[in-house]
Amino acid sequence: MISPGGPVLDRLARDRVRTTWGWWGNQPPGLLRRVATRSDLLADLWGELWAVLLLAVVIAGILARQPLVVALGAMATVVAVGARAWARLSLEEVDFARELSSDRVFAGEELDLSFSVVNKKPLPLPWLRLVDAIPVELRVESAGLAMEERTDARILTRTVSIGWYERVRLRYRVKAERRGYLVFGPARLESGDLFGLFRSSRDFNPRDAVIVYPRTVPLPDFEIPSPRPIGDARSRIRLWEDTTRPAGLREYMTGDSMRRVDWKASARRADLLVRTYDHRVAQAVVIAVDVDTSEKPWEGYSPQMLERVVTAAASVAVHAVDLGHRIGLISNAIPLSEDARMVIPPGADPARLSTILESLAMVRPISMSRLDRVLDAERTSIPFGATIVAVSAVFPALLAAECAELARHGHPTVALYVGEDVPPSATPGMTVLNAGQRFDLPENRKASDGRHGRQ
């Protein structure tokens, strides 16, 4: 699978590892019960009335002294009893499994979804109906989905027949349309007798989920300022050297420290050689994400602006890693659980980017506090000299003031404004970038282009 966004995202796609999540809320228990159609209800009612009708026929034949009617009624009753027993046993020793080809994808990517049903008994199933809840953020190709109102899932249904000791596997291609932590299920299997008179059902709730990372936008022209002389990117000013990054050897010159002499190499060459080191500039980059899309909470939120913020933050994170910087995250979003962190200190470990993208995938339009307060409270988690990239769709005056204060304390700051109004004013140490529609999702970009065309 090819991931958008360059070599960093390609490596991240190869390193996806399944994680067990137990904190997400359960799906409504009656989700699948609410999708019963009128024909299903009539079938269940007819199965119950059929037994009563046969009993009435047998009693009427006895009272009328009609042996033929009694015999036919008795035979039909035997068939009905057998059908009822068949329906009762139909889902015994039946196993169900749902499998995903990957539990982490980027928005716009596809994955394989498969269902496996195994009948482990000598009783065949003339019909088996599979009902499963698929998150609305996923689109299943070549499948009939019924959208149930007031839920966050589409209902996938498929009817098959299974012989004795047989396994049936159903495969679908699924496209991730929007970011999020998406939980499948619950699933239900329904089966019954050959005549369709009686049916039984069984619920399955395997905890299968997929994390859809936010979309990213290439940022070749986005510069990350740095005041530090030593770090992760090469510098044109050769005043400082990073002694943790050896570059090679050169001949000894008057004034060189004897601690820089490579004695083993000098012995081999019979000449004094000293070590040289890379000249690099720094960087830890902290991405500050403001999930508020209006200055006043009671004004609601804009889904389009929120997606702009998340897309911009994810794009900056990928761009910073491409440049070799250490990245961290500070957000005023409410964490969905103890495992979902919204304050991540900068680090260069390979899993840091995936951790940040997972946190951004779970961002919802609910904030714990204003971002300026969160930044002030989390100053100890920001390394000295780290660059701050603040992403916001509103950028209130208090947030701009906090960014200016961080800039005065040695943190170069970039205010990445993605809203539609007037961006904040630049201050010494704080650069303002007005991104606008650059981080719109494809569907929002088309709608925006249509509005501008009509104007």
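Applying the Karplus relation 6.51 cos²θ - 1.76 cosθ + 1.60 with θ = phi - 60° to segment 105-112 yields 3J(HN,Hα) values of 9, 8, 4, x, 7, 10, 9, 9 Hz, where x marks Gly and Pro. From most to least packed by mean Cβ count within 10 Å, the peptides 120-131, 309-320 give 309-320, 120-131. Of the beta bridges in segment 284-454, as assigned by DSSP with both residues counted there, near 20 percent are antiparallel. In terms of Cα atoms, the Rg and Dmax of segment 284-454 work out to 15.3, 50 Å. Just need the relative contact order of segment 158-221 here, percent rounded to a whole number, with Cα pairs under 8 Å and 6+ apart. Relative contact order here is 33 percent.
Can you pull the semi-axes for segment 264-380, root of five times each eigenvalue of the Cα gyration tensor, sorted largest first, whole Å? Kindly include the intermediate steps, with their values, before the conclusion.
Details: eigenvalues 346, 35, 31 Å².
Those come to 42, 13, 13 Å.
Rounded, prolate or oblate for segment 57-145? Axes are the square roots of the Cα gyration tensor eigenvalues, ordered a ≥ b ≥ c, and the cut-off for rounded is a/c under 1.5.
Working: a/c = 6.09, a/b = 3.25, b/c = 1.87.
Since a/c reaches 1.5 and a/b is larger than b/c, the shape of segment 57-145 is classed as prolate.
Multiplying the residue separation of Ile366 and Val140 by 0.36 nm and removing their Cα-Cα distance gives an extension gain of 78.4 nm.
For segment 284-454, relative contact order (Cα pairs under 8 Å, six or more residues apart, normalised by length) works out to 26 percent.
With each label modelled as a point 7 angstrom along the Cα→C-beta vector, the Ala265-Ala74 pair spans 10.4 nm. Note on segment 346-423: Cα-Cα pairs beyond 16 Å make up 59% of the total pair count.
List Glu166, Glu402 from most exposed to least, where exposure is judged by having the fewest other Cβ atoms within 10 Å.
Numbers: Glu166 13, Glu402 23.
If I rank by nearby Cβ atoms, fewest first, I get Glu166, Glu402.
Per-residue Cβ neighbour counts within 10 Å put Ile62, Ile287, Ile344 in the sequence Ile62, Ile344, Ile287, beginning with the fewest.
Bear in mind these aren't lab numbers, they're just calculated from the coordinates by the rules spelled out. These numbers come from a predicted model, not from an experiment. Cβ: placed from backbone, ideal geometry, glycine included. Neighbour counts: every protein chain shown.
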